[in-house]
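Some notes on the structure that comes next.
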Amino acid sequence: MTEIPDSHPRKSSLLSRQKMVEAAKRGLLADSAMIAHGRGEAYDYLLGERTTESASLAIREAAARLLDADSPVISMNGNSTVLAGEEAIKIAAIVGCPVEVNIYYRTDERMSGLVRELESLKESLLATSPPENKEAISGVDILGMVSDGRIRGLEGPRSLCSAQGIEKADVVLVPLEDGDRCEALIALGKEVIAIDLNPLSRTSRTATVTIVDEVSRALRGIVDELSGEPEPGPWDNEQVLRDALESMANASIRI
Ligand code: ATP
Ligand code: MG
């Protein structure tokens with residue numbers, strides 16, 4: 001990897017890019033992953049590459065709903081695994097829920113590559129965690145290889161999921177979900193917590209709680225909130241979408 005000096009103002013964005021490039025070389029990403037990432041970068045630029053106050057509220061609401069759920073699950077695709085896999089495992093360990101690999105362009109090779117990637121992130125987290133956290137971390141199931149469940153309302157390979165994960169879940173945390181699948185999950189009566197930098201996407205507009213923030217910042221924020229006692233409140237999701245658009249529209253004023 002090329003060294004990026006700490007003083008570089010956009011260091012974390014550049015490091016994420018490098019992670020994506022390396023992961024693509026390792027065959028973990030679909031061809032369109034870079035396009036999705038680039039679109040996310042553009043929105044993040046407009047947000048000032050920071051978590052807004054409004055997104056912080058959504059992050060707290062997400063943490064509260066995960067703790068309150070009967071059967072939560074964290075659904076991971078290629079981009080979110082590469083950018084924030086470790087944070088997802090931390091959340092799963094605290095909440096006591098599985099992580100499921102669920103990708104749009106499904107191939108056996110990428111499914112097994114992403115499951116292996118999450119297993120190895122889990123192992124390194126286990127090795128560096130204090131003894132009191134080890135049991136919870138080793139208890140995190142990484143699902144996805146066995147597709148014995150279905151997301152009803154979707155056709156073909158996109159409907160495949162795990163019976164122990166997404167199929168039975170009441171609350172699904174899905175960083176970077178596709179609009180169709182988000183709609184299908186909502187139609188099944190599940191709560192969807194989405195992370196999407198685009199406040200105008202179908203995913204953002206359909207989800208129960210939308211965190212308009214970069215995926216690694218959002219998941220780190222959820223980890224932090226879980227150490228408190230967040231309570232689910234009355235939730236106006238349209239308001240967070242309006243707030244995000246307003247922050248982006250005001251971007252020029254910060255210059
Ligand atoms: P939808 O399917 O919801 O209608 P779309 O088809 O326009 O939306 P997709 O290609 O399905 O979009 O998903 C990519 C989405 O992920 C984009 O909206 C992009 O802004 C967002 N995104 C990309 N990278 C990140 C990231 N690192 N953090 C958060 N969001 C991201
Ligand atoms: Mg889409």
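If you go through the stretch 157-175 and keep only what is within 16 Å of ligand 1 (Cβ to nearest atom) and touching a Leu at 6+ places or on another chain (Cβ under 9 Å), you end up with 172, 173, 174, 175. For the stretch 121-132, the condition of being surrounded by fewer than 20 Cβ atoms within 10 Å (Cβ to Cβ), at pLDDT 95 or above, over 30 Å from residue 246 (Cβ atoms) and of a type in the set (Lys, Arg) holds for none of the residues. Among the residues of this structure, residue 218 does not count as one that is of a type in the set (A, V, I, L, M, F, W, C), more than 19 Å from residue 88 (Cβ to Cβ), buried (at least 22 other Cβ atoms within 10 Å of the Cβ) and touching a Pro at 6+ places or on another chain (Cβ under 8 Å). Summed over the stretch 55-86, the residues that are β-branched (Val, Ile, Thr) and either within 16 Å of ligand 2 (Cβ to nearest atom) or part of a helix (DSSP H, G or I) (or both) give a count of 3.
For the stretch 101-119, filtered to residues that are assigned to a loop (DSSP other than H, G, I, E, B) and surrounded by fewer than 19 Cβ atoms within 10 Å (Cβ to Cβ), the residue that is farthest from ligand 2 (Cβ to nearest atom) is 107. Is one or more of the residues making up the stretch 87-98 under 24 Å from residue 17 (Cβ atoms), more than 16 Å from ligand 2 (Cβ to nearest atom), over 14 Å from the mean Cα position of the chain (by Cα) and of a type outside the set (A, V, I, L, M, F, W, C)? So far as the stretch 87-98 goes, no, none of its residues is under 24 Å from residue 17 (Cβ atoms), more than 16 Å from ligand 2 (Cβ to nearest atom), over 14 Å from the mean Cα position of the chain (by Cα) and of a type outside the set (A, V, I, L, M, F, W, C).
Pairs linking a residue in the stretch 114-133 that is under 25 Å from residue 30 (Cα atoms) to a residue that is assigned to a loop (DSSP other than H, G, I, E, B) and modelled with pLDDT under 95, with Cβ atoms under 9 Å and 6 or more positions apart or on different chains, are 114/103. Sub-6 Å Cβ pairs linking a first residue in the stretch 195-215 that is within 6 Å of ligand 1 (Cβ to nearest atom) to a second residue that is of a type in the set (D, E, K, R) and assigned to a helix (DSSP H, G or I), at least 6 apart or interchain, are 197/44; 214/44, ordered by first then second residue. When 176, 185, 154 are screened for being within 16 Å of ligand 2 (Cβ to nearest atom), more than 22 Å from residue 65 (Cβ to Cβ) and in contact (Cβ under 8 Å) with a residue 24 or more places away in the chain, only 154 passes. Restricting attention to the stretch 13-40, the residues that are surrounded by fewer than 18 Cβ atoms within 10 Å (Cβ to Cβ), at pLDDT 95 or above and near ligand 1 (Cβ under 9 Å from one of its atoms) total 3. Residue 79 fulfils the conditions (1) under 21 Å from residue 145 (Cβ atoms); (2) away from ligand 1 (no atom under 14 Å from the Cβ) except for a single criterion, (2). Regarding residue 4, is this residue out of contact with any strand residue (DSSP E or B) (no Cβ under 9 Å at 6 or more places or on another chain) and not in a loop (DSSP other than H, G, I, E, B)? No. Residues in the stretch 31-67 that are among the basic types (Lys, Arg) and within 30 Å of residue 107 (Cα to Cα): 39 only. Say we look at the stretch 196-211 and pick out the residues that are within 13 Å of residue 60 (Cα to Cα) and among the hydrophobic types (A, V, I, L, M, F, W, C); which of these is farthest from ligand 2 (Cβ to nearest atom)? So the residue we want is 209.
The values are calculated or read from the model by the stated rules, or taken from the named source; none is laboratory data. Every value quoted in this text rests on a predicted model; they were computed, and no experiment measured them. No Cβ is skipped: glycine too gets one built from the backbone with ideal geometry, and neighbour counts run over all protein chains shown.
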